[in-house]
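Trainee: Just passing along the structure, written as structure tokens.
Derivation of every value follows stated rules applied to the coordinates shown; laboratory data play no part. Please read these numbers as outputs of a predicted model, since none were measured by experiment. Quick reminder, even Gly has a Cβ in these numbers, built from the backbone with ideal geometry, and neighbours come from all protein chains shown.
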Amino acid sequence: MRVFKPMYRDHTGRYKEIRRWWVALRDSNGTARKFPAFNNRAESERLGRKLEELVAAKFNGGVLTPELARWLKELPRDFQQRLVKAGLIDVKQAAAGKFLAEHVTDFEEHLLAKGRTEKHIAQVINELKRVFAVCGFVYWHDISASRLESYLSDLRDKGRGISARSFNRKLKYCQHFCRWMVKDHRASESPIAHLSCLNAKLDRRRCRRVLKPDEIRHLLSSTRAAETRYGMTGHERCLLYRLCVETGLRAGEVRGLTVSDFNWQTCTVSVDAAYSKRRRNDVLPLRSDTAAELKSYLSNKLPSCRAFNVPIRTADMLRSDLAAAGIPYEISGQVFDFHALRHEAGTLLASAGVHPKVAQSVLRHSDINLTLSLYSHTLCGQESQAVESLPDFSVGKNENRQEQSA
């Protein structure tokens, strides 16, 4: 190792030394390397000794001592990149000295490049920042599976706090970030990959129910004649509910529909990928009578206009219309909110004898179990009808018939 001041020639032709000291040494491959140091010779020599320790560690397999790892973590980011370029440390060692907040910022850019929505990105990034701040995770090596699990368990508070679904969402966001760190070669392995999610079926905080077809007709009839609520006329709300029941559209999807998304020749409606949950352009069929009524309603709007002025609080809007129609919002802990209209669509398709694969395609589910187990409810009276359709096994009647035949 050698500490020196480089020379340069000024405009008069004289040779002069620069103010900063430089360190020259050879790496583990014998290649000469030069690094800028400090204006003070003693500090520059200390830097040179640390660089020699890095060369020795690289020669011995790249294992850093705790003291050397702490020193590396405190180095400026640009100097770390210089060491990476020189081959004295690898990318993972450089990432270990980078603040988690910087990694999270890079992860945000990754999500943006993947085409995720701004709402989803904001939710993920804010959740990560909140978890890291509460758990005290500043650097990558600070991330502890036990500490994260303890924090999430405290939020559960023996089932009185957040739901199992919220628990799983926070855990999945953290695991997604750690997997990205590994894939981007910033870390060798995820420290929380072994943590498992909870069974959300055992802790459902909101159970939805469905209405009978007669109740749906009564709700639509009552809503059509009702006054304006939440910025939507009764007729507009009636068409909105009818469209969601027949197509299974979500609130966010129907909120993004424009007039040009409807094709009156083919009786279809297109959902743009920006508003679709599965990030795909979908085309859904419409009933011919519903398409005719929608065409009449939207005839005075420009093609670029929103089809419906859907409010943010769709559940409150539907709840007020249910109350006006005399239909209870909740029965035995099961509610009928706006998303229950999508459950209604799946249930009506099942009760009409539609093949499960067709129902899965209409509801746009990736897993048919989701269509059958969660979105297909049993209508009132269907179980009794199913039992009544069984053969008659009455013993007395069979004996009487045999005697009469004899």
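Trainee: If you fit an axis through the alpha-carbon atoms of helix 288-298 and take the longest principal axis of the Cα set of the chain, what angle between them do you get, 0 to 90°, nearest 10?
Mentor: 60
Trainee: In addition: Which one, LEU111, LEU47, SER320, is farthest towards the positive end of the dipole of the chain when Lys and Arg carry +1 and Asp and Glu -1 on their Cβ?
Mentor: In the chain, that residue is LEU47.
Trainee: Please report, in debye to the nearest 20, how large the charge dipole of region 100-203 is about its Cα centre when each Lys and Arg carries +1 at its beta carbon and each Asp and Glu carries -1 there.
Mentor: So the magnitude is around 500 debye.
Trainee: Count the DSSP beta bridges whose two residues both fall in the chain, then state the antiparallel fraction as a percent rounded to the nearest 5.
Mentor: About 90 percent, rounded to the nearest 5.
Trainee: Got a sec? Charge dipole of region 208-382, +1 on Cβ for Lys and Arg, -1 for Asp and Glu; which of SER296, THR233, ILE368 is way out at the positive end?
Mentor: ILE368
Trainee: Can you give the calculated 222 nm mean residue ellipticity of the chain, where each DSSP H run of n ≥ 4 adds -39,500 (n - 2.57) and the sum is split over every residue, rounded to the nearest 500 deg cm²/dmol?
Mentor: Using -39500 (n - 2.57) per qualifying helix, the result is -15000 deg cm²/dmol.
Trainee: If you don't mind, another one. Amide H to amide H under 5 Å from GLY87: which residues, 5+ apart in sequence or cross-chain, H placed 1.01 Å off N in plane?
Mentor: none
Trainee: Now for a separate question. Please give the charge dipole size of the chain, origin at the Cα centre, charges +1 on K and R Cβ atoms and -1 on D and E Cβ atoms. Round to the nearest 20 debye.
Mentor: For this selection, approximately 2160 debye.
Trainee: On a C-alpha basis, how far is the centre of region 309-341 from the centre of region 223-244 in Å? Whole number, if you could?
Mentor: Each part reduced to its Cα centre gives a spacing of 13 Å.
Trainee: To one decimal place, what Kirkwood hydrodynamic radius in Å is obtained for region 208-382 from all pairs of distinct Cα atoms?
Mentor: 16.5
Trainee: Residue by residue through region 6-22, what is 3J(HN,Hα) from phi via Karplus (6.51 cos²θ - 1.76 cosθ + 1.60, θ = phi - 60°)? Round to whole Hz and write x for glycine and proline.
Mentor: Running phi through 6.51 cos²θ - 1.76 cosθ + 1.60 with θ = phi - 60° gives x, 9, 9, 9, 7, 5, 8, x, 7, 8, 9, 8, 6, 6, 8, 7, 10 Hz.
Trainee: Pulled fully out, how much extra length does the chain show between HIS235 and ARG130, if you take 0.36 nm times their separation in residues and subtract their Cα-Cα distance?
Mentor: Values: separation 105, 0.36 × 105 = 37.80 nm, distance 4.37 nm.
Here the segment from HIS235 to ARG130 would lengthen by 33.4 nm.
Trainee: Please work out how much length the chain gains when fully extended from HIS176 to HIS11, using 0.36 nm per residue of separation minus the C-alpha to C-alpha distance, in nm with one decimal.
Mentor: 53.7 nm
Trainee: Just one of (i) 4, 18, 23, 18, 13, 11, 8, 4, 1, 0, 0; (ii) 4, 15, 19, 17, 14, 10, 9, 7, 3, 1, 1, 0, 0, 0; (iii) 4, 12, 11, 11, 10, 9, 8, 8, 7, 6, 5, 3, 2, 2, 1, 1, 1, 0, 0, 0, 0 is P(r) over Cα pairs in 10 Å bins from 0, in percent as worked out from the coordinates here. Which one is it?
Mentor: From the options (i) 4, 18, 23, 18, 13, 11, 8, 4, 1, 0, 0; (ii) 4, 15, 19, 17, 14, 10, 9, 7, 3, 1, 1, 0, 0, 0; (iii) 4, 12, 11, 11, 10, 9, 8, 8, 7, 6, 5, 3, 2, 2, 1, 1, 1, 0, 0, 0, 0, the structure gives (ii).
Trainee: Could you give the nm distance between label points at THR228 and MET1, where each point is 7 Å from its Cα heading toward the beta carbon?
Mentor: 7.8
Trainee: Pick out, from PRO76, ALA56, TYR15, the residue whose Cα sits farthest towards the positive end of the charge dipole of region 2-86, with +1 on the Cβ of Lys and Arg and -1 on the Cβ of Asp and Glu.
Mentor: TYR15
Trainee: Rounded to whole Hz and in sequence order, give me ³J(HN,Hα) for region 41-57 from the Karplus expression 6.51 cos²θ - 1.76 cosθ + 1.60, θ = phi - 60°, writing x for Gly and Pro.
Mentor: Couplings: 5, 5, 5, 5, 5, 5, 4, x, 5, 5, 5, 5, 5, 5, 4, 5, 5 Hz.
Trainee: Here's something else I'd like to know. In whole Hz and in residue order, list the ³J(HN,Hα) couplings for region 359-364 that follow from phi through the Karplus curve 6.51 cos²θ - 1.76 cosθ + 1.60, θ = phi - 60°; x for Gly and Pro.
Mentor: 4, 4, 5, 5, 7, 6
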